Amino acid sequence: MKLIDCTYLNSPGGKKILSILLENINEKESNKILFLFDSRVDKKILKGYNFKIINNSEIERKRFYRSVKNDLVKCFCMANVPPPIKLKCKVYIYFHNDLILNPGKSKSLHKTIIFWLKKIYIKFINHKDYIWMVQTNMMKINLSKSLQIKNNSILIFPIFKKYQKRDLPKKVKNSFIYVCSSENHKNLKNLILGFSKIINPDNHKITLHLTIEDPRYFKSLKGLIKNDSNVFIKNHGYIEESLLHKLYSNSEFLIYPSLIESFGLPLIECLDFNCKIIASDLPYVNEVVEPSLTFDPYSVKTISESIDAAIKNCNYKPSKILINNKIDKFIELIYS
């Protein structure tokens, strides 16, 4: 039996990885695979798959592994954490959370402690014969250094969904989108302050679309924009993929001020909808795309300047992707 362990795969990025994975596993092969989820999973997506649901607990996870360890021929842990017990079969861990490697960058004491403890636990249960998988070379370097994993035990496997080119509606002039959560590292305060301080000499109407799930946090951010400003901010909260695609299609720019990411999937997704990218001048961005404009995410002034440059139609270069999708090779690895 092949096990795909999706316990703890519940962040927005994790759910996207799960969605891509399920879409690419064919019905014939799915009979040979058992999926493991915790109780937070949306059961509607599991129709047609063999699966087991456990409580959100490492104790429950360990109990499950002990019950199936002798039946496993291959194991894929999709949410950063290795198996809770040593397995004799081939084990792959898909790692995609840079905050575990750099707990202090969460800028939240509670989250810092959680990530720090998780990092210690991962190091404790790891074994030298496990294979790790990451999405960028930067993550490979960080993972190797932080968890003392040998380079030859880390594979680079970026996976993302490619959307077919289609006839897109005309872009709404001076419209921006930031696909984000309310986490501190998403740098939303600096972004909103950046919009509040733009020059905008021609008084263009400017729209910013956000996807913050916490309405109270959004309200506090919106208060940073003056009422007489020509900047209009609309928060959509958590949105389904179809609405996200509509927002990508209508938006002229993706703006991405995040301070730390293991991948930054919206940077790639938006290109299929002809968005221009304005993003932090940081390694995680430059690993996956070449933006049209960049800024210092710690500087409100440079964020404002990049927004002004965008709406002035300066001669910025087109945005483009720099990496190759390896979802097909990943699926082959599962099947083999």
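Look at the range 117-130 and say how many of its residues are touching a helix residue (DSSP H, G or I) at 6+ places or on another chain (Cβ under 6 Å) and surrounded by fewer than 16 Cβ atoms within 10 Å (Cβ to Cβ).
Step one: of the range 117-130, the residues touching a helix residue (DSSP H, G or I) at 6+ places or on another chain (Cβ under 6 Å) are 118-119, 123.
If we keep only those that are surrounded by fewer than 16 Cβ atoms within 10 Å (Cβ to Cβ) as well, we get 123.
Residues flagged as touching a helix residue (DSSP H, G or I) at 6+ places or on another chain (Cβ under 6 Å) and surrounded by fewer than 16 Cβ atoms within 10 Å (Cβ to Cβ) within the range 117-130 amount to 1.
Return the residues of the range 312-336 that are part of a helix (DSSP H, G or I) and crowded, with 20+ Cβ neighbours inside 10 Å; say none if nothing qualifies.
Within the range 312-336, 330 is the sole residue that qualifies.
Can you find a residue in the range 82-97 that is surrounded by fewer than 15 Cβ atoms within 10 Å (Cβ to Cβ), among the hydrophobic types (A, V, I, L, M, F, W, C) and more than 23 Å from the chain's Cα centre (by Cα)?
The answer is yes; a qualifying residue exists.
Between 230, 203, 187, 235, which is farther than 27 Å from residue 95 by Cα, in contact with a Pro (Cβ under 9 Å, 6 or more places away or on another chain) and not basic (Lys, Arg)?
Numbers: 230 fails: in contact with a Pro (Cβ under 9 Å, 6 or more places away or on another chain); 203 fails: in contact with a Pro (Cβ under 9 Å, 6 or more places away or on another chain); 187 fails: farther than 27 Å from residue 95 by Cα.
The unique qualifying residue is 235.
Output the residues belonging to the range 157-181 that are closer than 26 Å to residue 14 by Cβ, buried (at least 16 other Cβ atoms within 10 Å of the Cβ) and not aromatic (Phe, Trp, Tyr).
158, 159, 161, 177, 179, 180, 181
Out of 44, 16, report the one residue that is buried (at least 18 other Cβ atoms within 10 Å of the Cβ), in the same structural domain as residue 90 (by TED's automatic domain parsing) and not in a strand (DSSP E or B). Reasoning before the result, please.
On the way: 44 fails: buried (at least 18 other Cβ atoms within 10 Å of the Cβ).
None of the others qualify; the one that does is 16.
Being in a helix (DSSP H, G or I), among the aliphatic types (A, V, I, L, M) and farther than 28 Å from residue 265 by Cα: is that true of residue 59 here? Don't jump to the end; show me each part of the working.
On the way: in a helix (DSSP H, G or I): yes; among the aliphatic types (A, V, I, L, M): yes; farther than 28 Å from residue 265 by Cα: yes.
Judged against the criteria, residue 59 is a match.
Could you list, in sequence order, the residues of the range 3-18 that are modelled with pLDDT of 90 or more, within 14 Å of the chain's Cα centre (by Cα) and not aliphatic (A, V, I, L, M)?
Once the filter is applied, which keeps residues that are modelled with pLDDT of 90 or more, within 14 Å of the chain's Cα centre (by Cα) and not aliphatic (A, V, I, L, M), the range 3-18 yields nothing.
Restricting attention to the range 22-57, and to residues there that are in contact (Cβ under 8 Å) with a residue 60 or more places away in the chain and closer than 24 Å to residue 130 by Cβ, which single residue is farthest from the chain's Cα centre (by Cα)? Before you say what the answer is, go through the steps one by one.
Going through the range 22-57, the residues in contact (Cβ under 8 Å) with a residue 60 or more places away in the chain turn out to be 23-25, 29, 33.
If we keep only those that are closer than 24 Å to residue 130 by Cβ too, we end up with 24-25, 29, 33.
On the way: 24: 19, 25: 21, 29: 27, 33: 25 Å.
Per the stated criteria, the residue is 29.
Go through the range 44-74 and count every residue that is touching a Pro at 6+ places or on another chain (Cβ under 9 Å) and of a type in the set (Asp, Glu).
The number of residues fulfilling the criteria is 1.
Does the range 165-175 contain any residue that is within 21 Å of the chain's Cα centre (by Cα) and at pLDDT 95 or above?
At the first step, the residues of the range 165-175 found to be within 21 Å of the chain's Cα centre (by Cα) are none.
Checking the range 165-175: not a single residue is within 21 Å of the chain's Cα centre (by Cα) and at pLDDT 95 or above.
Might you let me know whether the range 221-231 holds any residue that is in contact (Cβ under 8 Å) with a residue 60 or more places away in the chain, assigned by TED's automatic domain parsing to the domain that holds residue 294 and under 25 Å from residue 292 (Cα atoms)? Please lay out each step first, then the result.
Step one: filter the range 221-231 for residues in contact (Cβ under 8 Å) with a residue 60 or more places away in the chain, giving none.
Looking for residues that are in contact (Cβ under 8 Å) with a residue 60 or more places away in the chain, assigned by TED's automatic domain parsing to the domain that holds residue 294 and under 25 Å from residue 292 (Cα atoms), one finds none in the range 221-231, hence no.
Between 149, 225, which is at pLDDT 90 or above, on the phi < 0 side of the Ramachandran plot and of a type in the set (A, V, I, L, M, F, W, C)?
It is 149.
Residue check: is residue 248 over 16 Å from residue 193 (Cα atoms), aromatic (Phe, Trp, Tyr) and in contact with a helix residue (DSSP H, G or I) (Cβ under 7 Å, 6 or more places away or on another chain)? Steps first, please.
Numbers: over 16 Å from residue 193 (Cα atoms): yes; aromatic (Phe, Trp, Tyr): yes; in contact with a helix residue (DSSP H, G or I) (Cβ under 7 Å, 6 or more places away or on another chain): yes.
Taking the combined requirement at face value, the residue satisfies it.
Can you find even one residue in the range 67-75 that is outside any helix (DSSP H, G or I), in contact (Cβ under 8 Å) with a residue 24 or more places away in the chain, under 21 Å from the mean Cα position of the chain (by Cα) and surrounded by 13 or more Cβ atoms within 10 Å (Cβ to Cβ)? Give the derivation first.
Pass one, the range 67-75, residues outside any helix (DSSP H, G or I): 72-75.
Applying the additional criterion that residues be in contact (Cβ under 8 Å) with a residue 24 or more places away in the chain yields 72-75.
Next cut, under 21 Å from the mean Cα position of the chain (by Cα) only: none.
No, the range 67-75 contains no residue that is outside any helix (DSSP H, G or I), in contact (Cβ under 8 Å) with a residue 24 or more places away in the chain, under 21 Å from the mean Cα position of the chain (by Cα) and surrounded by 13 or more Cβ atoms within 10 Å (Cβ to Cβ).
The values are calculated or read from the model by the stated rules, or taken from the named source; none is laboratory data. For clarity, every value in this text was computed on a predicted model and none was experimentally measured. Neighbour counts are summed over all protein chains in view; Cβ atoms, including those assigned to glycine, are modelled from backbone coordinates with ideal geometry.
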